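Structure first, then comments.
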Amino acid sequence: MRTQLAIAATLIVAGVLSAGIPAFDVVAAGQRGDDGETTRYSVDSDRVKAEVLRLDQKIADAVIRGDTAYVASVTAADFVMVHGDGWTNGGEPLLTDTKESMLQRVTSKYYDVLDFDSVKAEMHGDIAITYGRYIAHTTGGTQSQPVDRIVAPDKRWFSVWFERVYEKRDGKWIYLSHRTVHGPTFGADRQSVRDK
């Protein structure tokens, strides 16, 4: 009993003392990286990764809602969005958006589905890279032109593998860049693109 109390007291003191430390590394016993070095996990890094991944999803949700003000508030003035993976083998992208042209898509509610999966975050200090896949559906139309005149029915659903870059500026994560690394892979319905 006395030993259990001593252990409990030691854990409480350790918890109180470590509470003021912003981040500390935890070494996974016996785990070594490719270079033979011990793998370290930062508790703070996991928290920040989760924060960035939540922002990724919040931006997607705002795009669907047509919340241009929110998307603009978390997007850099020099934002670039590269559509299509043609650039990955020396070709041209399908399209490159600036902040302004991307926000026009938000305002027009060009997308009505943006479902993320397999998304992960990689941290580099005040730089975060998110990568994964989303399945999307476009309404594709405008007030002057219906969707049928702009986007063929077999191209309204698509999947995209992507990388996004964020930077923490003045305590706030800012969306700098989106780059398609594979896709888009088109289909007539969600089922046709779900495993692409």
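The values are calculated or read from the model by the stated rules, or taken from the named source; none is laboratory data. Treat the numbers as computed from the prediction; the structure is a model and nothing was measured. So basically every Cβ, Gly included, is an ideal-geometry build from the backbone, and we count neighbours across all protein chains shown.
The table below lists the values:
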item	result
Residues (without any contact (Cβ under 8 Å) to a residue 60 or more places away in the chain and surrounded by 13 or more Cβ atoms within 10 Å (Cβ to Cβ)) located in segment 72-86	ALA72, GLY86
Residue check for ASP97: surrounded by fewer than 16 Cβ atoms within 10 Å (Cβ to Cβ) and either at pLDDT below 95 or of a type in the set (D, E, K, R) (or both)	no
Residue identified as under 22 Å from GLY171 (Cβ atoms) and crowded, with 17+ Cβ neighbours inside 10 Å among LEU53, LEU103	LEU53
Members of segment 158-196 that are among the charged types (D, E, K, R) and over 12 Å from the mean Cα position of the chain (by Cα)	GLU167, LYS168, ARG169, ASP170, LYS172, ASP189, ARG190, ARG194, ASP195, LYS196
Residue selected from segment 69-92 under the condition over 14 Å from LYS58 (Cβ atoms) and either in contact with a Cys (Cβ under 6 Å, 6 or more places away or on another chain) or among the β-branched types (Val, Ile, Thr) (or both), by the criterion modelled with the lowest pLDDT	THR88
